[in-house]
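A.B. asks: I'd like to ask you about the structure that follows.
Every number in this text was worked out from the coordinates using simple rules, so none of it is lab data. Just so you know, these numbers come straight off a predicted model, no measurement behind them. Every residue, glycine among them, receives a Cβ derived from its backbone with ideal geometry; neighbour counts consider all protein chains shown.
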Amino acid sequence: MRGKFAGVLLASAMLLPVGLIASPAGAVAGTTCKAATGTATFSPALPAVSSTVKNKPTVTIKNGKLTGCVGGGVTSATLTATLKFGLASNCKSLLGGAATNTKGTEKITWNNKKTSTVTLSLVGVAKKPTNINATGPVTLGLFKGEKQAGTLAFTLPTGACTAKPLSTVTFKVLPTSKVTIK
């Protein structure tokens, strides 16, 4: 009897840490947000379509918003980001669908005052020159270890890329997409 009890106790002791690793206390399952909006600024501006000059601008987002979020104890957020074009580009190459290798860091501040840091990559969508996939792992804070994904559409101001360089765009999540962190 003592041998059986000791065996059960030993087996239980061995399983306890496995259970704790598989589902840690306070684990968060991610979130899905219906809307994402904001403005991105290019510095230096991307040269107009008629120009052969190319540059590698820094893209800054200061007023981004996520709304309609469900899951993970959050409902909305503000976001900022600083990204850098890895390849020299201009309006002609950007709107032609050429890769820009744009990467950087996004900081999300959730409505519950917690933050998430995302290593973000922007990749153009084939045959849709004003759409981009925004993806990357959450490296710090709330949802660490999860991955952000979403497809955004950007809108150019009147005359940008044709009559003048592109210095700013507005963006929003596509109606057929959502921003997920899972």
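A.B. asks: Label-point separation (nm) for LEU156 and THR139, each offset 7 Å from Cα along Cα-to-Cβ?
C.D. replies: 3.2
A.B. asks: Let me ask you something else. Please work out how much length the chain gains when fully extended from ASN101 to THR39, using 0.36 nm per residue of separation minus the C-alpha to C-alpha distance, in nm with one decimal.
C.D. replies: Stretched out fully, the ASN101 to THR39 stretch lengthens by 20.4 nm.
A.B. asks: When only C-alpha pairs under 8 Å and at least 6 residues apart count, what is the relative contact order of segment 29-181, in percent?
C.D. replies: 26
A.B. asks: Also, quick follow-up: Taking K and R as +1 and D and E as -1, what net charge do the other residues with C-beta under 13 Å from the C-beta of LEU87 add up to?
C.D. replies: It works out to a net charge of +4.
A.B. asks: List VAL53, VAL123 from most exposed to least, where exposure is judged by having the fewest other Cβ atoms within 10 Å.
C.D. replies: So the residues, fewest neighbours to most, are VAL53, VAL123.
A.B. asks: Which loop-located trypsin sites (Lys or Arg not before Pro) does segment 78-159 contain, where loop means any DSSP state but H, G, I, E or B and the Cβ has at most 14 other Cβ atoms within 10 Å?
C.D. replies: Here the trypsin sites (Lys or Arg not before Pro) that fit, given the DSSP loop and packing criteria, are LYS113, LYS127, LYS144.
A.B. asks: Provide Rg over Rh for segment 29-181; use the alpha carbon set for both Rg and the Kirkwood Rh (inverse mean inverse pair distance).
C.D. replies: Rg/Rh for segment 29-181 comes to 0.98.
A.B. asks: Set the Förster radius R0 to 22 Å, insert the Cβ-Cβ distance between SER167 and ASN63 as r into 1/(1 + (r/R0)^6), and round the FRET efficiency to 0.05.
C.D. replies: Result of the calculation: an efficiency of 0.90.
A.B. asks: Here's another thing I want to ask about it. Can you compute 3J(HN,Hα) from phi for each residue in segment 156-162, using the Karplus curve 6.51 cos²θ - 1.76 cosθ + 1.60 with θ = phi - 60°, rounded to whole Hz and x for Gly and Pro?
C.D. replies: In residue order, the calculated couplings are 8, x, 3, x, 5, 6, 9 Hz.
A.B. asks: Mind checking the full-extension length gain between LEU174 and ASN112? Use 0.36 nm per residue of separation minus the Cα-Cα distance, one decimal, nm.
C.D. replies: That pair, LEU174 and ASN112, stretches by 19.8 nm at full extension.
A.B. asks: Are any of the pairs LYS84/LYS144; LYS84/LYS114; LYS84/LYS182; LYS34/LYS65 more than 20 Å apart by Cα-Cα distance, and if so, which?
C.D. replies: Pairs exceeding the cut-off: LYS84/LYS144; LYS84/LYS114; LYS84/LYS182.
A.B. asks: Give me the distance between the Cα centres of segment 119-163 and segment 75-118, rounded to whole Å.
C.D. replies: Using only Cα atoms, the two centres lie 6 Å from each other.
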